[in-house]
Amino acid sequence: MKLQSIRGMNDIAPPESHIWGKIEDAARAVCRAAGYGEIRTPILEPTELFKRGVGEATDIVEKEMYTFDDRNGDSLTLRPEGTAGVVRAVNQHGWAIQQSILKLFYLGPMYRHERPQKGRYRQFYQFGIELLGVQDPLADAEVISVGWDLLKKIGIHDVELRISTLGTDSCRKPYFKKLTALLKENMDLVPEDFKSRIEKNPQRIFDHKDEKAQALAKKLPLLLDELDEESSQHFKRVQEHLHSMEIPFVVDANIVRGLDYYCHTAFEFTTNSLGKTQNALGGGGRYDGLVEMLGGRPTPGVGFAMGLDRLALVLQEASSFGGVRPDLVIVSSGKESVSVSLKVARELRGRGISVEVDLEGRSMKAQLKRANKLNAQYVLLIGEDECASGMAILKNMETRSEDSIPLEKLTAQLLEKFVESFHQE
Ligand code: AMP
């Protein structure tokens, strides 16, 4: 029997993995620029963390977690998302007490037993940031801007930012009560799988996929129209800050969240390039009650998570990242030439220039063919004739122009060349 990977868990290899590398590099660069430091938490955590941190009445905890008992009989779970682990670590180490503001980012695999389809997998990757300790709406706006900047940096232009507010308890509680009563009056229109949620979080009817539910939701009152002063001010300020940063957005009342500790801002980045169903690239919001819920001191927080698989899919489909091409391919022939090519290749690689050399002793013709296939920017010819004359030939594969370079000055002159061409890019 052939061994196969687990359904919904993918191998990511070249050339696809080059795209992933670029996305991750961009995420790190955007975080560095905005002052977010990387946190790596364990992939396995106690099951209890997610029951409390994600919520028992969510799809994730009810039916999607990979949970098992380890050899000691402890219940462990492969993390289905990143925030709970980050907050667990913050509480465990007392970081929020030592520092008034914490800015963290994470990148890594998450696990959910969902029905696999394009853009939805059982092992998938998220990049996320968390900003802890700031109540001001400036924090919400900064977090959104980091997500927006990443999407722009990697060249996803077809993005829509949708924002909404979940308000605070003082307006949400009476609103939920009203909503629950209205849903109960219209029980025949409520989808079967939603009936058990009517009491806990009636607002989820707004993001229910069912057409019947959507039709019903259209007739229900919106929390946006019933905000108290604090919630409405917070939401207004977030929007003002987004305007100041020239980040376009739409207000969308259908963005809701499943848990009590979410409040105020909720947002999503969506795209049209992945079709209708898996169009969410990322989402996030404010979770002022979560730190306390997981045993820490009351600490406000806001963050988002983005799906790297989906970012990679969008870029692949738009092919805005051509695969990686070597800067230089050295074509060699004969013992002396191979020795020169190895030395030069190492020196250039040490300076960050990508260089391919022949490893199979193939003919110069075959090596040139490979250089073309690899779409190399430059080819350096060091055949027996070149060794005899002491001059190598550098070919620019785009312009077809050629230069002669003395063998003893190869590294220095090539470096100059590359610095020049990097400047022109
Ligand atoms: P969530 O943690 O559910 O709010 O998801 C945040 C983002 O992660 C989504 O917008 C998706 O881009 C991505 N995501 C969530 N679940 C999956 C999955 N099963 N497969 C691939 N990406 C996912």
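Observations, loosely collected:
- Per-residue surface analysis assigns T411 an accessible area of about 30 Å², computed on protein heavy atoms at 1.4 Å probe radius.
- Extension gain, Q99 back to E336 (0.36 nm per residue minus Cα-Cα distance, nm): 79.3 nm
- Taking all protein chains together, M391, M1 sort by accessible area into M1, M391, largest first [probe 1.4 Å].
- Spacing of the two label points (7 Å from each Cα toward its C-beta) at E292 and L3, in nm: 5.0
- The range 1-85: trypsin sites (Lys or Arg not before Pro) falling in loop per DSSP and having at most 11 other Cβ within 10 Å: K2, R7, R40, R71
- Proximal charge balance of A366 [Cβ under 14 Å; K/R count +1, D/E count -1]: +2
- Taking a Cβ cut-off of under 13 Å around A392, the surrounding Lys, Arg, Asp and Glu residues balance to a net charge of -3, with basic ones at +1 and acidic ones at -1.
- Dimensionless Rg/Rh of the range 4-44 - Kirkwood Rh, Rg from C-alpha atoms: 1.11
- Descending principal axes extents, the range 180-333, alpha-carbon based, whole Å: 84, 39, 35
- For Y36, the accessible surface of its heavy atoms amounts to roughly 10 Å² (probe 1.4 Å, protein chains only, rounded to the nearest 10).
- For H243, solvent-accessible area (1.4 Å; no DNA, RNA or ligand), Å²: 120
- For M187, neighbours were defined as the other residues whose beta-carbon sits under 15 Å from its Cβ, and their charges (Lys and Arg +1, Asp and Glu -1) total -1.
- Given R0 = 51 Å, the distance between the Cβ atoms of R400 and D59 translates into a calculated FRET efficiency of 0.30.
- Across the chain, C-alpha contacts under 8 Å between residues 6 or more apart give a mean separation that, scaled by the residue count, equals a relative contact order of 15 percent.
- What separates the Cα centres of the range 302-365 and the range 239-253 is a distance of 41 Å.
- Evaluating 6.51 cos²θ - 1.76 cosθ + 1.60 at θ = phi - 60° for every residue in the range 118-124, the Karplus couplings come out as 4, x, 9, 10, 8, 10, 9 Hz, glycine and proline recorded as x.
- Label point of D385 set 7 angstrom out along Cα-Cβ; within the range 349-368, amide nitrogens under 17 Å from it belong to 363-368.
- The GluC sites (Glu not before Pro) found in the range 40-105 that occupy coil by DSSP, while having at most 13 further C-beta atoms within 10 Å, are E56.
- Dipole in debye (nearest 20) - the range 1-159, about Cα centre, beta carbon charges: Lys, Arg +1; Asp, Glu -1: 460
- Those GluC sites (Glu not before Pro) in the range 139-238 that DSSP places in a loop and that have at most 16 other beta carbons within 10 Å: E199
- For K373, a cut-off of 18 angstrom between C-alpha atoms picks up these lysines, skipping any fewer than 8 places away in its own chain: K365, K395.
- Each listed q (0.06 Å⁻¹) maps to a log10 I(q)/I(0) for the chain from the Debye sum over equal C-alpha point scatterers, namely -0.36.
- Computed from the C-beta positions of Q233 and K369 and an R0 of 56 Å, the FRET efficiency is 0.25 to the nearest 0.05.
- On the basis of the beta-carbon distance and an R0 of 56 Å, E226 and R346 show a calculated FRET efficiency of 0.25.
The values are calculated or read from the model by the stated rules, or taken from the named source; none is laboratory data. All values reported here derive from a predicted model rather than from experimental measurement. Don't worry about glycine lacking a Cβ; one is built from the backbone with ideal geometry, like all the others, and counts go over all protein chains shown. Remember, those area values only see protein heavy atoms, side chains included, never the ligands or the DNA or RNA. Shrake-Rupley method; radii C 1.70, N 1.55, O 1.52, S 1.80 Å.
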